[in-house]
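All remarks here apply to the structure that follows.
The values are calculated or read from the model by the stated rules, or taken from the named source; none is laboratory data. Small disclaimer: the values here were computed from a predicted structure and weren't measured. All Cβ positions, even for glycine, are placed from backbone atoms using ideal geometry, and neighbour counts span all protein chains on display.
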Amino acid sequence: MVGRRQSFLTWGDIVRDGPTGLELHYVGAAAKVACLLSGWHIQASPYWGSIMRVLVTGGAGYIGSHILFKLADAGHEVAAYDNLYSGHRWAVGDAPLHQGDINDQARLDEVLGKGGFDAVIHCAAHIWVGESVRDPLKYYRNNTAGAFTLFDACARHKLKAVVFSSTAAVYGEPLKQPIDEDVQKAPINPYGASKLMAEQALIEAAGAYGFAYGILRYFNVAGADPKGRVGEATPENSHLIKVACETAIGKRPGMRINGTDYPTPDGTCVRDFVHIDDLAAAHLAALEHLLAGKPSLIANCGYGHGYSVKEVLDTVQRISGVMFPIEIGARRPGDPPSLVADASRIGELLGWTPHHDDLDEIVQSAWNWERKLAGGRDLGRPTSS
Ligand SMILES: NC(=O)c1ccc[n+]([C@@H]2O[C@H](COP(=O)([O-])OP(=O)(O)OC[C@H]3O[C@@H](n4cnc5c(N)ncnc54)[C@H](O)[C@@H]3O)[C@@H](O)[C@H]2O)c1
């Protein structure tokens, strides 16, 4: 990311126009690259060399771990904060793991108090819609009250920015597709509602206490690190591509398609699947944007087009070479026929351009990871948590 941005500005531009804050950011980036190339280690202030110091809550989980790797690859200083409820110690790689709960104010004070962090990326949450219906208070306690405690700590420790993992579930069942950020928010389950309340609190807290926020509303995140270092290992998973890969590898007996009579091209539901590596890159871009002093933002994170459930299952079968059984069932209540992002805003604001917008690529990376988890001889196995 640093390299990508450098190409937009030359030293000549900077000298001619004089250094604004943003340009100093680029100067810092150039200095950082020079130091890295010459083997120097930069230890000065957080903005020297534009190194960002970032704490990722939920960093031992699926999305948080990929963000850690993405930021570390770009030369930033990262650490994870996670209670290991559904995350894994191995998933953080070389990043420090601060074990703790987002509801634990004293532990947050301890970590944020001495960490010197510029920003927090807040991924920690409970994530299953069905469970949220059965046990709503579990979701409000963790996703809403926990977020309040975290945002309060961010304000008291004077962090400059918070990036929040939100979800398309805040929209509910919008009549208009693709879904833009300004459509009415009407979540249809406690999971979506718990996230929407956290969004609102973040916006108001940021305004009142003086930090920047970035709210990224993810659509269906899938796939694994293209380098195979990390991937999805969240227990009791219900994500379509993950479950299909688990079925192909033999962990589950078969799959079920819930409804083949939707008003979609093949009758099955259509969802906007975004590759985890592109999603992680969006967080890096959001942080660079906010820490360069640009305005807070709310943006969808999807590709703006979808794939049907049937297309996804066909692709997993073709790539894995396993023709697992697929049962056809009735529609499930609360499943809209199509959920596709209007993805224009994130491109306009952050210059975010997907690099993995391809179902085969998403599935191939997820399948490679599933084989690694299962201990495939050619891929090795991560150590357990
Ligand atoms: N996976 C998706 O497709 C998707 C889609 C939309 C939004 N999101 C959002 O992305 C975020 C990450 O989701 P994920 O798929 O990586 O889930 P995950 O379960 O793999 O990761 C969540 C992590 O948070 C940790 N955690 C949970 N509660 C905690 C607490 N109280 N204190 C500290 N750590 C805690 C867990 O141990 C885990 O490591 C969530 O906020 C979720 O709402 C995910």
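Here are a few things to note about the model shown:
- Condition met for residue 142 (within 14 Å of the ligand (Cβ to nearest atom) and buried (at least 18 other Cβ atoms within 10 Å of the Cβ)): yes
- Being closer than 22 Å to residue 304 by Cα, within 14 Å of the ligand (Cβ to nearest atom) and in contact with a Lys or Arg (Cβ under 9 Å, 6 or more places away or on another chain) is true of residue 171.
- Applying a threshold of 6 Å to beta carbon distances and a minimum spacing of six or more residues, or different chains, the list of pairs starting in segment 98-110 at a residue that is assigned by TED's automatic domain parsing to the domain that holds residue 151 and ending at one that is part of a loop (DSSP other than H, G, I, E, B) and buried (at least 17 other Cβ atoms within 10 Å of the Cβ) reads 101/83; 102/124; 107/100.
- Where a residue in segment 187-216 is assigned by TED's automatic domain parsing to the domain that holds residue 124 and closer than 23 Å to residue 349 by Cα and its partner, wherever it lies, is among the charged types (D, E, K, R) and in a helix (DSSP H, G or I), with Cβ under 8 Å and at least six apart: 205/152; 215/199
- Subset tally (residues that are in contact (Cβ under 8 Å) with a residue 12 or more places away in the chain and part of a helix (DSSP H, G or I)) for segment 295-321: 10
- Test: residue in segment 322-342 that is at pLDDT 95 or above and in a helix (DSSP H, G or I): no
- Subset of segment 145-168 [in a helix (DSSP H, G or I) and either within 13 Å of the ligand (Cβ to nearest atom) or not assigned by TED's automatic domain parsing to the domain that holds residue 283 (or both)]: 145, 146, 147, 148, 149, 150, 153, 168
- Figure legend. Inter-residue proximity from segment 127-151: first residues touching a residue at least 60 places away in the same chain (Cβ under 8 Å) and under 29 Å from residue 109 (Cβ atoms), second residues aliphatic (A, V, I, L, M) and buried (at least 18 other Cβ atoms within 10 Å of the Cβ), beta-carbon distance below 6 Å, spacing 6+ or different chains. Indicated pairs: 150/102.
- Residue 263 being in a loop (DSSP other than H, G, I, E, B), in contact with a Pro (Cβ under 9 Å, 6 or more places away or on another chain) and of a type outside the set (Ser, Thr, Tyr): yes
- Residue 192 passes every criterion in (1) part of a loop (DSSP other than H, G, I, E, B); (2) touching a strand residue (DSSP E or B) at 6+ places or on another chain (Cβ under 7 Å); (3) at pLDDT 95 or above apart from (1).
- Some residue of segment 284-299 being assigned by TED's automatic domain parsing to the domain that holds residue 122 and acidic (Asp, Glu): yes
- Residue-level check: of (1) more than 15 Å from the chain's Cα centre (by Cα); (2) under 27 Å from residue 295 (Cβ atoms); (3) buried (at least 17 other Cβ atoms within 10 Å of the Cβ); (4) among the charged types (D, E, K, R), residue 195 misses just (1).
- Exclusive hit being within 16 Å of the ligand (Cβ to nearest atom), closer than 28 Å to residue 85 by Cβ and of a type in the set (Ser, Thr, Tyr), set 303, 209, 213, 307: 213
- In segment 137-158, the count of residues that are closer than 25 Å to residue 306 by Cβ and charged (D, E, K, R) is zero.
- Conditions (1) crowded, with 20+ Cβ neighbours inside 10 Å; (2) within 30 Å of residue 316 (Cβ to Cβ); (3) of a type outside the set (Phe, Trp, Tyr); (4) under 16 Å from the mean Cα position of the chain (by Cα): number failed by residue 226: (1)
- Every residue from segment 113-128 that is more than 10 Å from the ligand (Cβ to nearest atom) and either in a helix (DSSP H, G or I) or crowded, with 19+ Cβ neighbours inside 10 Å (or both): 113, 114, 115, 117, 118, 119, 120
- Of all residues in segment 169-184, those being crowded, with 18+ Cβ neighbours inside 10 Å and either outside any loop (DSSP other than H, G, I, E, B) or more than 19 Å from the chain's Cα centre (by Cα) (or both) number 5.
- Scope segment 319-364; condition in the same structural domain as residue 178 (by TED's automatic domain parsing) and on the phi > 0 side of the Ramachandran plot; matching residues: 351
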